[in-house]
Amino acid sequence: MSINPAHLSVLSKDRKMKLPLFDRSVHPHVIECLYCHICRVNVSPRTRHCSVCNKCIDGYDHHCFFLNNCVGSRNFRWFFANVVTAIIGLLLIVSLAVLEFVAYFMDKSARIILLPYISTPSSVAAQFKVFYCPATDEGWLALVGVTALLGSVLCALLILLFVSHCYTKLEKKELNHNK
């Protein structure tokens, strides 16, 4: 994600300045009275300091380890669009894999759907290729089946992520409500 989710006051600071280490003996919390002791800036009430990114994130939702970035109010829409796009892409991949799998068994006699896989007009058998190398029918079916299975699992997990984010936004909760 290309949008820096940091609080605007953090973005306006000099980036060359080294951030201090947090000393819990001096301050029990990183942010007290809407002031971050690490970033040394005044922040809004929904701001949290991410220990991974080491910066204050306005509207902090969570740190996404898959994107290696925090998700906050400045980039939540882009994160949400990223999840929706991934779901659509995986649904297309799974649909095509299932179509290929079903077409292999349903079209053995007519050869209409498998016609692009037949290398020469005189050939009657489909020639499947994986990375331009010939593959057996069983190998091709295994690859298509594994693709459909993995795509389905990933799609289900992303749909759960999508639903949980919809729920938290509708209920006006944060994923990081305990901090």
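Quick notes on this structure:
- Efficiency of FRET between PHE131 and TRP78 - r from beta-carbon atoms, R0 35 angstrom, step 0.05: 0.55
- Shown here for the stretch 21-97: trypsin sites (Lys or Arg not before Pro) in loop regions (DSSP other than H, G, I, E, B) with at most 16 other Cβ atoms within 10 Å, namely ARG24, ARG40, ARG46.
- Local electrostatic count, VAL84, Cβ distance below 14 Å [Lys/Arg +1, Asp/Glu -1]: +2
Read the figures in this text as sums done on the coordinates, not as results from a lab. Note that the structure is predicted; figures quoted are calculated from it, not measured. In this analysis, Cβ positions are derived from the backbone assuming ideal geometry, glycine residues included, and neighbour counts consider all displayed protein chains.
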